[in-house]
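Enquirer: Before anything else, here's the structure in question.
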Amino acid sequence: MGGAAATLGPLSDVSALSALRLFDGTDRAALEQVAVGFEELPFFAGDVLYRQGDPGSSFLLVTAGRLAVLRVDGLEEHELLEAGPGSVLGELSMLTGRHRMATVVARTDGLVLVGDDALFDRLVHLVPVHDRVAEVIARRVAELTAPVPVALADGTPVEVRPLLRSDRGTLDDLIQRQSDETLRRRFFSPGHPGPRVVDHLVEINYLDHFAWGVTADHGEAGVATARYVRLRDDPATAELAFGVADEFQGRGLGTLLLGALGWAAAEAGIDHFTAEVLVDNLPMRAVLAKAGGVPEVPSMGTVHVRLEVAGAKALLDRRAGEALRLAAREVVTAAGLALVEPG
Ligand SMILES: CC(C)(COP(=O)(O)OP(=O)(O)OC[C@H]1O[C@@H](n2cnc3c(N)ncnc32)[C@H](O)[C@@H]1OP(=O)(O)O)[C@@H](O)C(=O)NCCC(=O)NCCS
């Protein structure tokens, strides 16, 4: 909490929480449970609550006043947005153990509540809060994603962009078209996955679960997805999964998507990937090996592969890389700020 002059004290009044839109629909008993973990910190116009690059072990919930969220890029500093009451700030670096990704400066006098990761976990598991976070993230990401055009090695044009909830139908079509062998390799069992599995594949928060989607024919046909899911007990590591349409396999998409996942993961504080691959899935093993993936001794027909995110990032060539890097960064930043209420 570099720079803030005032000192912390326990939260005195739970009504500071119930007034916030974030907690609409949350009952008082649940709020009281959350409230005990918070400490209050008054701030004054001009205070720096934290700086980009600081270590972060807490998150802030703004209950009064306005704060600017600033990002320094090289020598330039720009305001990402202004945060008002109800905003949650700093949770991403707290959860990932990474340094603060932005600087937060008070524009007015006000008050924040300071909490730790155990408290954040309790907060996002309150059902109304969880639903609101999911809805805001989905809306923000949908608003800002522009597809990145990429040409495969054979010249075929495709478009790559973060997968959205609204892609459920397209993804379902893609899964229905897949061969039994592709489904076996992807889901480790024959046959089509049920609707719950498909729902889960588009329930994406872009921080712990990120997915790219690829379309061909000017966005008409879904031809691939690739995702990672952060491990709960090791937040700097995420598990990979890929699915490329049969007619697009062997044309470079798996390699491109692993590179693109690498850039998104780096933005979200992930430094290693793991994958569980069927022993006979040689194309997947080949793609992972290109990124430096090291296989463990196979067991029960599968092989566990671990690789550095840096190795995945290196797979992207410069032309596709620059645009996908920017798209990944924009989406992860937006998801990281999803709990900000405009000031
Ligand atoms: C595995 C999969 C994602 C790879 O995507 P892709 O677009 O086919 O991959 P790429 O074209 O980028 O690369 C495939 C690589 O495998 C290599 N390969 C293909 N068949 C191979 C074989 N029998 N032995 C060794 N290498 C092989 C190719 O030569 C290529 O490597 P190269 O680019 O160095 O030549 C895709 O094939 C797929 O969706 N398969 C079915 C689902 C699946 O397996 N999902 C993964 C579950 S974790």
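Enquirer: I'd like to compare 193-202, 169-178, 72-81: which one has the highest average count of other Cβ atoms within 10 Å, and what's the full order after that?
Expert: Working: 193-202: 13.3, 169-178: 16.4, 72-81: 10.4.
Ranked by mean Cβ neighbours within 10 Å, highest first: 169-178, 193-202, 72-81.
Enquirer: Within the stretch 267-286, list the residues whose amide N lies under 17 Å from a label point set 7 Å along Cα→Cβ of residue 297.
Expert: 279
Enquirer: Residue 49's amide H: which non-local residues (gap 5+, or another chain) put their own amide H closer than 5 Å, with H modeled 1.01 Å from N in plane and none for Pro or chain starts?
Expert: 104, 105, 106
Enquirer: Given an 8 Å cut-off on Cα distances and at least 6 residues of separation, report the relative contact order of the chain as a percent.
Expert: Values: 698 pairs, mean separation 56.0, N = 343.
Answer for the chain is 16 percent.
Enquirer: Could you tell me the calculated FRET efficiency between residue 173 and residue 143, based on Cβ-Cβ distance and R0 = 25 angstrom, to the nearest 0.05? Walk me through the numbers before you get to the answer.
Expert: Values: r = 24 Å, r/R0 = 0.98.
Computed FRET efficiency for residue 173 and residue 143: 0.55.
Enquirer: Give me the distance between the Cα centres of the stretch 66-129 and the stretch 316-340, rounded to whole Å.
Expert: After rounding, the separation between the Cα centres reads 19 Å.
Enquirer: Next question, about the same structure. Would you compute, for the Cα atoms of the stretch 68-154, the largest minus smallest coordinate along each principal axis and list the three values in descending order, in whole Å?
Expert: Projected onto the principal axes, the Cα atoms of the stretch 68-154 cover 56, 38, 25 Å.
Enquirer: May I pose another question? Running Debye on the stretch 147-335 with equal point scatterers at the Cα sites and no solvent, what base-10 log of I(q)/I(0) appears at q = 0.10, 0.11, 0.15 Å⁻¹?
Expert: -0.35, -0.43, -0.85
Enquirer: Mind pulling the per residue volume of the convex hull built on the Cα atoms of the stretch 200-239? Å³ is fine.
Expert: Values: hull volume 2.9 nm³, N = 40.
In the stretch 200-239, the Cα convex hull volume per residue is 73 Å³.
Enquirer: Right, next: Average projected area of the Cα convex hull of the chain, in nm²? Write out the running numbers ahead of the final one.
Expert: Numbers: hull surface 72.1 nm².
Average projection, Cα convex hull of the chain: 18.0 nm².
Enquirer: Got a sec to turn the phi values of the stretch 306-315 into Karplus ³J(HN,Hα) couplings, 6.51 cos²θ - 1.76 cosθ + 1.60 with θ = phi - 60°, whole Hz, x for Gly and Pro?
Expert: Computed from phi, the couplings for the stretch 306-315 are 10, 8, 7, 4, 4, x, 5, 4, 5, 6 Hz.
Enquirer: Considering every pair of different Cα atoms, what Kirkwood radius, in Å, is found for the stretch 9-125?
Expert: Numbers: mean 1/r = 0.0689 Å⁻¹.
It works out to 14.5 Å.
Enquirer: Oh, and also: Using θ = phi - 60° and the Karplus relation 6.51 cos²θ - 1.76 cosθ + 1.60, list the HN-Hα couplings for the stretch 99-115 in order, rounded to whole Hz, with x at every Gly or Pro.
Expert: Karplus values, whole Hz, x for Gly and Pro: 5, 4, 8, 8, 9, 10, 10, 6, 8, 9, 5, x, 8, 10, 9, 10, x.
Enquirer: Is the C-alpha gyration tensor of the stretch 43-112 telling us rounded, prolate or oblate? Criteria: a/c under 1.5 is rounded; beyond that, a/b larger than b/c is prolate, otherwise oblate. Don't skip to the end; give the middle numbers.
Expert: Numbers: a/c = 1.95, a/b = 1.20, b/c = 1.63.
Here the stretch 43-112 falls in the oblate category.
Enquirer: So for the chain: antiparallel DSSP bridges make up what percent, rounded to the nearest 5? Could the numbers behind the result be given before it?
Expert: Numbers: 63 of 66 bridges.
That works out to approximately 95 percent antiparallel.
Each reported figure results from applying straightforward, stated rules to the coordinates on display, with no laboratory input. Every value quoted in this text rests on a predicted model; they were computed, and no experiment measured them. When we count neighbours, we look across all protein chains shown, and the Cβ atoms used for this are built from the backbone with ideal geometry, even at glycine.
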